[in-house]
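Asks: My questions all concern the structure below.
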Amino acid sequence: MLIALGDREFESLSFGIWSLIPLAMPQGMVDDFSGAAACSLFVSYGFNRGDEKIMGRLTCLTSFVLFSGLVACPATADDWNQWQGPKRNGVWSEAGTLDAFPSDGPEILWKMPISNGFSGPAVSDGRVFVTDFVRSAGDATPDPGKKSELSGIERVHCFDSATGKLLWVHQNECDYKISYPNGPRATPTVDGNRVYTLGAEGRLNCLQTANGEVLWTRDLKKDFDMDLAPHWGFAAHPLVDGDMLYCVIGGKGSVAVALDKMTGKERWRALDAISPGYCPPTMIQAGGTKQLLIWHPESLNSLNPATGEVHWSFAMKPAYEMSVIAPIQSENYLYAAALQGTSLLLKLDQDRPIATEVWSGKGVHPDHNPPLVVEGHAYGIDVKGHLRCVDLKTGERCWESLATAPNGRPASSATGFMVRNGDKFFVMIETGELLIAKMSPSGYQELGRSKILEPTSRTGNRNVVWSHPAFADRCIFARNDKEIVCISLAK
């Protein structure tokens, strides 16, 4: 029979031997399957009619009951369906990735033209989603103290992750009045057959992943009585949890807003602040319950995700209202940091949703690139480009390096995005270079670096890439203001 996936068709041979209950599991959840006495057998093979190539992206979900045992066939690849990956923690779990680059660099699988934007791509179920801005009028010269006025269109692109083929585009007219008006900031969030995108001026879309059909849309500035977008635009990546879509918006009493993810209707709103800031809503499990973390430019807050009720709040006021980095949970500790010495370590109570301060003002102080915490140590790139390792419980520095700074020299708002993969790290730095390294409390060991993109965005006197890449299918998906590329990182 024929199975239609987007505009592709496959011949499929399927057979099923059904036991007590059917096995129905979306790709990416096989690892979480704990098994049951009742299961089923389902095997599916697909062949591309055009080139007869076996399509590895078809989900393989095979399980057997052989009298006394259960064997599961794991998904062939990870998705990167939102900001910082499936768990929003910067961890890429696929095996079989490069430990060093080939002498002629990694293999470029495909590249496709796009336009301007800081937003990172998301990869889910064989599709790549990325947003951009096409300017038609106005001066886009970046000035941190000034809001530029531009006209143009914001777009959402959907590409085939294996070939780069453009599957669909959604676009809408959009006028900008923000600083650094390069394009959208927020990475798309994919949840099943829906993708949520947030534009720099607050247009929130819910689209069908298959064809880009608009399921619902909201103008956040209009709907929440905001005269202007935040100074650097709407940037907080939307979060899906359960049946809710959590957003950081602004306006009176609506810094944090929970929407019904299916309809876009408001469930609740909470918090007032001088500005909403740019930090994405973050969900943690602590004190016997889920807690929704919202860090705006005045305080870090824990909310009941069902109601918006505030559990606890700590004053935390970064320079320039730049609450950007999502707080990081490490066991019973919570670490939050920003530029110019703003940082806070909290200890989370194990039984109740309360917290106590451990230290402040120490650690890593990034601009807009999140640190990672591994075995009680934070690894991150400071605002001037210094890569630092910090003992999380004390805040004391173990070491620092300029390996991730542009051309090895300190620079204002120097940026690099780190992802942990097994015992190594991939670091995409603003010069367009991808680094492979090992890090531990004893030091930094670089295994290789390769230029994969040209830096095209302007800041100060240098060009930069300020977009978090996606990692999926043993590949990196990275963008600048001219193209999106897919590069193999497979051994």
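The values are calculated or read from the model by the stated rules, or taken from the named source; none is laboratory data. Quantities reported herein were computed from a predicted structural model and do not represent experimental measurements. Counting neighbours? That spans all protein chains shown, and the Cβs are built from the backbone with ideal geometry, glycine included.
Asks: Report the residue count in the stretch 385-407 for those that are assigned to a loop (DSSP other than H, G, I, E, B), under 20 Å from Trp466 (Cβ atoms) and free of Cβ contacts under 8 Å to residues at least 40 places away in the same chain.
Replies: 5
Asks: Sticking with this structure for a sec: Among Ile325, Ile294, Ile354, Ile274, which is farther than 24 Å from Lys393 by Cα, aliphatic (A, V, I, L, M) and in contact (Cβ under 8 Å) with a residue 24 or more places away in the chain?
Replies: One residue alone meets the criteria, Ile274.
Asks: Turning to a different aspect of this structure: Any residue at all in the stretch 419-428 that's touching a Phe, Trp or Tyr at 6+ places or on another chain (Cβ under 8 Å), buried (at least 24 other Cβ atoms within 10 Å of the Cβ) and not in a strand (DSSP E or B)?
Replies: No - not one qualifying residue is present in the stretch 419-428.
Asks: Assuming Leu215 fulfils every condition listed in (1) touching a strand residue (DSSP E or B) at 6+ places or on another chain (Cβ under 6 Å); (2) crowded, with 17+ Cβ neighbours inside 10 Å apart from one, which condition is it?
Replies: (2) is the only condition that Leu215 fails.
Asks: (1) out of contact with any helix residue (DSSP H, G or I) (no Cβ under 9 Å at 6 or more places or on another chain); (2) crowded, with 18+ Cβ neighbours inside 10 Å; (3) farther than 22 Å from Gln329 by Cα; (4) not charged (D, E, K, R): which one isn't true of Gly408, the others all being true?
Replies: Condition (2) is where Gly408 drops out.
Asks: Here is a follow-up. Identify, by number, the condition in (1) within 27 Å of Asp125 (Cβ to Cβ); (2) in contact (Cβ under 8 Å) with a residue 60 or more places away in the chain; (3) outside any loop (DSSP other than H, G, I, E, B) that Ser450 doesn't meet.
Replies: (1)
Asks: Another question, if that's okay. Tell me the strands (runs of 3 or more DSSP E) entirely within the stretch 295-384 that contain at least 1 residues that are within 18 Å of the chain's Cα centre (by Cα).
Replies: It comes to 328-330, 333-337, 372-374, 377-381.
Asks: A follow-up question, please. Can you name every residue in the stretch 321-353 that is closer than 14 Å to Val373 by Cβ and hydroxyl-bearing (Ser, Thr, Tyr)?
Replies: Ser330, Tyr333, Tyr335, Ser343
Asks: Search the stretch 389-412 for residues being at pLDDT 95 or above and among the hydroxyl-bearing types (Ser, Thr, Tyr), and hand back the single one that is nearest to the chain's Cα centre (by Cα).
Replies: Here the residue is Thr404.
Asks: Additional query: Tell me which residues, restricted to the stretch 77-111, are closer than 28 Å to Pro280 by Cα and assigned to a strand (DSSP E or B).
Replies: Trp80, Val91
Asks: Here is a follow-up. Applying the selection to the stretch 120-152, what residues are of a type in the set (Ser, Thr, Tyr) and over 26 Å from the mean Cα position of the chain (by Cα)?
Replies: Correct list: Ser136, Thr141, Ser148, Ser151.
Asks: Further, regarding this structure: Among the strands (runs of 3 or more DSSP E) confined wholly to the stretch 115-231, which include 3 or more residues that are of a type in the set (Val, Ile, Thr), closer than 23 Å to Gly432 by Cα and at pLDDT 95 or above?
Replies: The qualifying strands (runs of 3 or more DSSP E) are 127-137.
Asks: Could you please find all residues in the stretch 463-478 being within 16 Å of Phe426 (Cβ to Cβ), touching a Pro at 6+ places or on another chain (Cβ under 7 Å) and outside any loop (DSSP other than H, G, I, E, B)?
Replies: Correct list: Ala470, Ile476, Phe477, Ala478.
Asks: When you go through (1) in contact (Cβ under 8 Å) with a residue 40 or more places away in the chain; (2) crowded, with 18+ Cβ neighbours inside 10 Å one by one for Thr342, which number turns out not to apply?
Replies: (1)
Asks: Can you tell me how many residues within the stretch 118-169 are of a type in the set (A, V, I, L, M) and closer than 24 Å to Ile429 by Cβ?
Replies: Selection size over the stretch 118-169: 5.
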